[in-house]
Amino acid sequence: FTSLVWCILDLLVLVSFSDCSNGMGWGCEGGSRGKHGSLKFAHQLQEDNAVGGVSVYPGHLLREWSLAPVVSPIPGSPGEMGKAVVVPKEREEEKKEKFKINQFNLVASEMISLNRSLQDVRLAACKTKDYAVKLPTTSIVIVFHNEAWTTLLRTIHSIINRSPKALVEEIILVDDASEHAHLGKELEDYVATLSLPVKVLRTGKRSGLIRARLLGAEQVKGSVITFLDAHCECTEGWLEPLLAEIAKNRKAVVCPIIDVISDENFEYVTASDMTWGGFNWKLNFRWYRVPQREMDRRNGDRSQPLRTPAMAGGLFSIDKDYFYEVGSYDRGMDIWGGENLEMSFRVWQCGGVLEIIPCSHVGHVFRDKSPYTFPGGVAKIVNKNAARVAEVWMDEWRDFYYSMNPGTVWTCGGELLIATCSHVGHVFRKSTPYSFPGGTSKIVNHNNARLAEVWLDEWKDFYFSINPGARTVEIGDLTERRSLRKDLQCKSFRWYLENIYPESQMPLDYFYLGEMKNEATHNCLDTMGRKSGEALGLSYCHGLGGNQVFAYTKRQQIMSDDNCLDSASAKGPVKLVRCHGMGGNQAWNYNEEDRSIRHMNTNRCLATQNHDPSNPVLAECTGGPNQQWTMESKFKW
Ligand code: UD2
Ligand code: MN
């Protein structure tokens, strides 16, 4: 079950920039926290912003920043100016107990004022920008399921405290079937006293965040829809640059920099403006370092909009009409996950732009775990959503997603077939000739129980009562989303990879995707689930994909997800290292004649060794069976 939970964790944990040992390829390189930017090309900025001084919106011309009232710190109140909160020793037990409710430090949140002050974290260049365009108005849509009172209300108060009043039409809260009493009438009474119109809508039954957002969007009166999660804090000047960018280009979908509000102590930690959004083969959203070409495109001006391949999903603004024109959301997606990549691909492939606006900062409480239920099971929901993204938008690259998710072949849209024209003989035995350390039934039952827990949903009960009995996850109907893609004449996923995301971890051209089997040992290369920096493994070929799936690419990489086979010296060891796409230690040549895999830098071959069969090494090329590997390509090598 843990791997399923990881689908979720992957997204949540990634933003801790303070931790250099997080195994992310970009580590702390992007660690400049956005506070010390320099405005190198002021003249360029002026030109960019001029755009004739007109916009399609009948909105407001803003000539000065900081029209919103500035919130000053409340003396003696914990957490002011975004500082960490220390929970008194005697409340330690209570803190632990209450952490479970929302998966963040609820006691700390309750100690902080709903109106707490924050630092102005913007680059200097952002504070003096004067947009010569009329800004449209926006409605802010916040969906929630069982959100804590203090985090929800602090989100709302931070909007009121730090947004020019004229720009915010209303706040629309969508309660997705919460079970907490405070989110009922008490909430309605409270928001009625606020100085901005706040509407409360209720989905009635649990719909998931995607359909809840669609419900909220229907009620929007402003020209722009701004979505926020229910545990955010908006900083000074967060809204204007988002709206200004849309005023310049109504097909721009724009995100703030999402800063980190610590789930442990509610400290406000600024995130880097040098990272953008990407994804791996499992279709987990990830932050990666912005490549040089995007810095160059912006003339090195870090305050300029950053074109990002993908967005985190929770915090963004979009022109209301464009939201619908470009296909709003996939109604077929449940609860949580996938909608952010779906929208990212769709916007880029169908003629829009997706940007991070570095002058806009909003904090968000990132959690390690999800606090709420996923009816039917986390895996079922997250895999279904991801499969819908892969099927509709990713063309042949959907294979990378499926290859990383063994067992999801049927449930996630693939097919498993017996080729009846192909016959192979096999010696079937009455019992196994080798030992099962710990006992046969213990091992087999363990494995079966694991698969039942992960894949069988409520039918796992049948297995546990008598024997395996499985039904598979339905992906749902995709006709509508596919015809949307056709009607909008959207471009291919190849186009997206070539033009928007050449640095992607999805190889653009590749010869082979599958297991890599060694002739001498009949074993397969295996990542063993290890991370970047750890050694490559070799083990019994199980044919289930996952850790035994590798791609051999046109750039001569041998990759598994975002890691590449890499050797820093002729002596090895052969490691998995985050792919850098620059050849060097990661360039390998497969020779289809003698089936060797040659390391270009050292001119040595990938080999297995008798005395240590689970550790492949580099050796002098001999052409022996321990250096022969099977890969078959449908393309020309
Ligand atoms: C991120 C996004 C989130 C969403 C998600 C993928 C950010 C900061 N957050 O995960 O917005 O795109 O990735 O789907 O980019 N909610 C409901 N009903 C549900 C489940 C959730 O209303 O059934 C609400 C929830 O209360 C919250 C919002 O949806 O306000 C997002 O959920 P989350 O905070 O658990 O997602 P997060 O931040 O882990
Ligand atoms: Mn969230």
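Readers should treat all values here as calculations from the given coordinates under stated rules, not as data from a laboratory. Just so you know, these numbers come straight off a predicted model, no measurement behind them. When we count neighbours, we look across all protein chains shown, and the Cβ atoms used for this are built from the backbone with ideal geometry, even at glycine.
Data for the structure
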item	result
Candidate aspartates and glutamates for bridging to residue 248, where Cα separation is under 12 Å - those fewer than 8 sequence places away on the same chain excluded	48, 319
Evaluated over the stretch 198-295, the Cα radius of gyration and Dmax, each in Å	16.4, 48
Pairs beyond 20 Å (Cα-Cα), from 100/205; 199/320; 282/320	100/205; 282/320
Ordering of 90-101, 344-355, 370-381, 231-242 by burial proxy (mean other Cβ atoms within 10 Å per residue, highest first)	231-242, 344-355, 370-381, 90-101
For the stretch 555-566, 3J(HN,Hα) per residue [Karplus equation, 6.51 cos²θ - 1.76 cosθ + 1.60, θ = phi - 60°, Hz, x = Gly/Pro]	7, 6, 8, 10, 10, 10, 6, 9, 10, 10, 5, 8
Antiparallel bridges, percent of DSSP beta bridges restricted to the stretch 145-294 (to nearest 5)	60
Percent RCO, i.e. relative contact order, over the stretch 507-631, from Cα pairs under 8 Å lying at least 6 residues apart	26
Part-to-part distance (alpha-carbon centres) for the stretch 184-239 and the stretch 308-372, which is given in Å	16
